[in-house]
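Okay, structure first, notes after.
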Amino acid sequence: MDVLNFMKRTGASYQDTAIHFNLNDPTLVASWYHRFLKEGIEGLQKKFKGAPVYV
């Protein structure tokens, strides 16, 4: 993910990273970071909610 790579490469804070990527909420960056540490790249993948659709 570009956001976390930028943060790691530059040492930028959550706030600075959010500003760089034009994100309104630096806590979003923090949650991505913590989810990545806990679950790895799989934690950042889209998760579909709801019942499966059978065709």
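The values are calculated or read from the model by the stated rules, or taken from the named source; none is laboratory data. Keep in mind that this is a model prediction, so the values were computed, not measured. Don't worry about glycine lacking a Cβ; one is built from the backbone with ideal geometry, like all the others, and counts go over all protein chains shown. Side chains are part of the model used for accessible areas, which takes the heavy atoms of the whole protein and leaves out ligands, DNA and RNA. Shrake-Rupley method; radii C 1.70, N 1.55, O 1.52, S 1.80 Å.
In table form, for the structure just shown:
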{"item": "Per-residue ³J(HN,Hα) for the range 30-39, Karplus 6.51 cos²θ - 1.76 cosθ + 1.60, θ = phi - 60°, Hz, x for Gly and Pro", "result": "4, 5, 4, 4, 5, 5, 5, 5, 7, 10"}
{"item": "Accessible area in square angstrom per residue, the chain, 1.4 angstrom probe", "result": "85 Å²"}
{"item": "Solvent-accessible area, 1.4 Å probe, carbon plus sulfur percent, for the chain", "result": "56 percent"}
{"item": "Size of charge dipole - the chain - debye, nearest 20, with Cβ of Lys, Arg +1 and Asp, Glu -1, no other charges", "result": "180 debye"}
{"item": "Two-decimal ratio, the chain, of alpha-carbon radius of gyration to 2.2 N^0.38 Å", "result": "1.39"}
{"item": "Label-point separation in nm, Ala30 to Arg9, each point 7 Å along Cα→Cβ", "result": "2.5 nm"}
{"item": "Selected from Ala18, Ile41, Phe6, residue furthest toward positive end of dipole (the chain; charges at beta carbon)", "result": "Ile41"}
{"item": "Relative contact order, percent, the chain [alpha-carbon distance under 8 Å, six or more residues apart]", "result": "23 percent"}
{"item": "Helical contribution to [θ] at 222 nm, DSSP H n ≥ 4, -39,500 (n - 2.57), averaged over the chain, rounded to 500", "result": "-16000 deg cm²/dmol"}
